[in-house]
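In what follows, a structure is listed as structure tokens, so that the remarks can point back to it.
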Amino acid sequence: MSVFADAAVLVVDDSGAYRQILAHRLKVLGCRDIVMASDGHEAMAQIAERSFDLVLLDIEMPKLNGYEVLEQLRSSALLHRLPVIMISATTENDGVIRCLELGAEDFLPKSFDPTLLRARAGAVLEKKRLRDQIDLHLERVDNELEATRQLQLSMVPRTFPKPGIGQRLELAAVLAPALEVGGDLYDFFELGPDILGFAIGDVSGKGTPAALFMARARSVSRSTARVLFRRDGLMPDPGTIMTVLDEELSEHNPGMMFVSFLAGFLDLTSGLIQFCNAGHNPPFLLRRGEPVVPIGRDDGNPVLGIGAWQPQACEEFRLAAGDGMFLFTDGITEAFDPAGEPYTEIRLQADLDDLASVPLVELPGRILSRVRRFSDTAPQADDITALAFRWQPTPEPAAP
């Protein structure tokens, strides 16, 4: 089918004779939707009322000439989706160049040669058709990415325990993908009434593939923890979870994606913590009245997903009342400012010390704000995630 058949064309010329000639030749080419305007003001009113695929616009017109119409269309960002071919009795280069600089797609002399009209208008309409298809495809992709982003955000916990009397745990987190979707994750979940499972991870790469790999890692780690807990009712071994996770992620992984991962468990009655770190940033211990310090070894444990994990002893320590942990991904420490300077773990540690009096529920968000203020105009290069919790055991009832 001819590109003219479904095209809506606006013909703008102050000469009724020229308008009729153009309309006739467009009908011969197969165009059935032709609207005419006698000056620039009428043309702008028509454009505001409905959509067109092409405007054939005379330059020399009273009231509002073709140049001024082009300027209005450009200032209102309509030229991106509304191609304009200028028409004039003069073919002086200065006029043609000015039209093209203002955003016109092409130029036609008023001789209205049928072959030239078909070739140039047809080419512009074909470009418009392809551009519309691309815009439609991009809109569909954007909608799918937004749906994927919402699905990803729904997979990480979004409801946090509120501090209060009798509440043994304060907990908060942030997740800010660099793209619509990303490969970072955080997780926390209860195993029975007294055990909290927690995890944080950073998948290689960004975008949809990383998000799918992240979802797989989160699902396997959660389900493995619950199977182990149901088997004996005890705190699961984080090392076993790492082993299972590495085996599962290594299967059917042709892209050799991987994830740095930290998983652990907190006994809410005693404050005992066990965690295992697979190539992830060591977390920080939050202890009131003391400087923030990193916890655990940083001896190059392998990441998960490439079959390199070996069972090993996990970290174990005991929280005192009011202690907490701050877990994060390297999207924080490797955020860059406009000069290319990284945020670094040293700066993060100093900011955590500076924010020691901030309620824990605000801490991840406050760190995210500082990272963004540090980055200023530099684009976010990686996903940013932080998870923080503080343990406050329920006091024993007083003896009668």
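The values are calculated or read from the model by the stated rules, or taken from the named source; none is laboratory data. Predicted model, so just to flag it, every value in this text is computed and none were measured. Note that each Cβ is placed from the backbone with ideal geometry, even for glycine, and that neighbours are counted across all protein chains shown.
Confirm whether Leu360 is at pLDDT 95 or above, surrounded by 15 or more Cβ atoms within 10 Å (Cβ to Cβ) and in the same structural domain as Met256 (by TED's automatic domain parsing).
Values: at pLDDT 95 or above: no; surrounded by 15 or more Cβ atoms within 10 Å (Cβ to Cβ): yes; in the same structural domain as Met256 (by TED's automatic domain parsing): yes.
Taking the combined requirement at face value, the residue does not satisfy it.
What residue, among those in region 321-339 that are over 20 Å from the mean Cα position of the chain (by Cα) and surrounded by 19 or more Cβ atoms within 10 Å (Cβ to Cβ), is nearest to Ala176 (Cα to Cα)?
Our first condition is that a residue be over 20 Å from the mean Cα position of the chain (by Cα); within region 321-339, this holds for 321-327, 338-339.
Among the residues that remain, those that are also surrounded by 19 or more Cβ atoms within 10 Å (Cβ to Cβ) are: 323-327.
Numbers: Asp323: 26, Gly324: 22, Met325: 20, Phe326: 16, Leu327: 15 Å.
In this case the residue turns out to be Leu327.
Does region 163-186 contain any residue that is modelled with pLDDT of 80 or more, within 19 Å of Thr224 (Cα to Cα) and of a type outside the set (Phe, Trp, Tyr)?
Yes, region 163-186 contains at least one residue that is modelled with pLDDT of 80 or more, within 19 Å of Thr224 (Cα to Cα) and of a type outside the set (Phe, Trp, Tyr).
Residue-by-condition table, conditions (1) under 29 Å from Pro193 (Cα atoms); (2) not in a loop (DSSP other than H, G, I, E, B):
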{"residue": "Gln274", "(1), (2)": "yes, yes"}
{"residue": "Ala308", "(1), (2)": "no, no"}
{"residue": "Met325", "(1), (2)": "yes, yes"}
{"residue": "Ala350", "(1), (2)": "no, yes"}
{"residue": "Asp353", "(1), (2)": "no, yes"}
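Looking at this structure, is Asp106 touching a residue at least 24 places away in the same chain (Cβ under 8 Å), acidic (Asp, Glu) and either in the same structural domain as Arg19 (by TED's automatic domain parsing) or surrounded by fewer than 17 Cβ atoms within 10 Å (Cβ to Cβ) (or both)? Break it down into steps so the answer makes sense when it comes.
Numbers: touching a residue at least 24 places away in the same chain (Cβ under 8 Å): no; acidic (Asp, Glu): yes; either in the same structural domain as Arg19 (by TED's automatic domain parsing) or surrounded by fewer than 17 Cβ atoms within 10 Å (Cβ to Cβ) (or both): yes.
No: the conditions fail for Asp106.
Suppose we filter Glu49, Glu68, Glu42 for residues that are in contact (Cβ under 8 Å) with a residue 24 or more places away in the chain, out of contact with any Gly (no Cβ under 7 Å at 6 or more places or on another chain) and surrounded by fewer than 21 Cβ atoms within 10 Å (Cβ to Cβ); which single one remains? Break it down stepwise before answering.
Details: Glu49 fails: in contact (Cβ under 8 Å) with a residue 24 or more places away in the chain; Glu68 fails: out of contact with any Gly (no Cβ under 7 Å at 6 or more places or on another chain).
Only one candidate passes the filter, namely Glu42.
Among the residues of region 200-214, which ones are over 15 Å from the mean Cα position of the chain (by Cα) and surrounded by fewer than 17 Cβ atoms within 10 Å (Cβ to Cβ)?
Correct list: empty.
Under 7 Å between Cβ atoms, at least 6 apart or on separate chains: pull out the pairs that start in region 126-149 with a residue that is in the same structural domain as Leu82 (by TED's automatic domain parsing) and more than 17 Å from Ser51 (Cβ to Cβ) and end on any residue that is loosely packed, with under 10 Cβ neighbours inside 10 Å and modelled with pLDDT of 80 or more.
none
Show the residue pairs meeting these rules: Cβ distance below 9 Å; 6+ apart or different chains; first residue within region 243-254 and assigned by TED's automatic domain parsing to the domain that holds Leu212; second residue part of a helix (DSSP H, G or I) and among the basic types (Lys, Arg).
Correct list of pairs: Glu248/Arg216; Leu249/Arg216.
Restricted to region 375-400, and to residues that are in a loop (DSSP other than H, G, I, E, B) and of a type in the set (A, V, I, L, M), which residue is modelled with the highest pLDDT?
Here the answer is Ala378.
Among all residue pairs at least 6 apart or on different chains, which show Cβ distances below 6 Å where the first residue, located in region 227-240, is in a loop (DSSP other than H, G, I, E, B) and the second is aromatic (Phe, Trp, Tyr) and modelled with pLDDT of 90 or more?
Met235/Phe265; Pro236/Phe229
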